[in-house]
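Comments concern the structure below.
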Amino acid sequence: MQIEDRVRELVEEKIADREDLFIVRIKMHINGLLEILLDGDNGIAIEDCAKISRHVGFHLEEENVIDKAYWLEVSSAGIDTGLLLNRQYVKNVGRDVRVKTTTAEKREGKLLAVNDTRIVIEEKVKEKGKKAELIQSEIPFEQIKETKVLISFK
């Protein structure tokens, strides 16, 4: 069994009674970092990360799953982490996002809607000599390379 698979089982076991929490990514890096990124429909508390870290760490040590030195990092998927799951997109409807497409195009706008195949954003489009107008654009997931939530300090 892969390390990531066992870690996923352990995390799912710990959050089974918490429908609002979910796993974003689990990755064992070659430098020995075991990274667990979590999120929640209403965010995730540091106490939740700590509980999951203790649970996973205890079982990995007890079962001797990793036979080399490693360090465990359990955290929320912060603003520097792009949106990876449909559930994260849904959570961020109404917020401003920057979308990088597979053709290297960058688009910014308010995330209006999400379904299983695409997102809809409202973006400002300004043509030369004309006033900027708001348009709704659909972007299929297969054309999205990365989406990040934009933070405004206004």
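The values are calculated or read from the model by the stated rules, or taken from the named source; none is laboratory data. Every value quoted in this text rests on a predicted model; they were computed, and no experiment measured them. A quick note on method: Cβ atoms are made from the backbone with ideal geometry, for glycine too, and the neighbour counts reach across all protein chains shown.
For this structure, a couple of remarks:
- The lone exception for VAL65 - which of (1) outside any strand (DSSP E or B); (2) modelled with pLDDT of 95 or more; (3) closer than 24 Å to GLU9 by Cβ it fails: (2)
- Single residue of the stretch 5-42 satisfying the filter (touching a Ser or Thr at 6+ places or on another chain (Cβ under 9 Å) and aliphatic (A, V, I, L, M)) that is surrounded by the most Cβ atoms within 10 Å (Cβ to Cβ): ILE36
- Selected residue [farther than 21 Å from ASP5 by Cβ and either under 15 Å from the mean Cα position of the chain (by Cα) or surrounded by 12 or more Cβ atoms within 10 Å (Cβ to Cβ) (or both)] from VAL74, VAL97: VAL97
- Where LEU85 falls short, out of the listed (1) free of Cβ contacts under 8 Å to residues at least 60 places away in the same chain; (2) exposed (fewer than 15 other Cβ atoms within 10 Å of the Cβ): (1)
- Just one of the listed residues (GLY109, GLY94, GLY129) is under 22 Å from GLY40 (Cβ atoms) and either in a loop (DSSP other than H, G, I, E, B) or not assigned by TED's automatic domain parsing to the domain that holds GLY43 (or both), namely GLY94.
- Screening ASP116 with (1) assigned to a strand (DSSP E or B); (2) of a type outside the set (Lys, Arg); (3) out of contact with any Leu (no Cβ under 8 Å at 6 or more places or on another chain) gives one miss only, at (1).
- Test: residue in the stretch 45-59 that is over 13 Å from VAL7 (Cβ atoms), among the β-branched types (Val, Ile, Thr), assigned by TED's automatic domain parsing to the domain that holds ILE26 and in a loop (DSSP other than H, G, I, E, B): no
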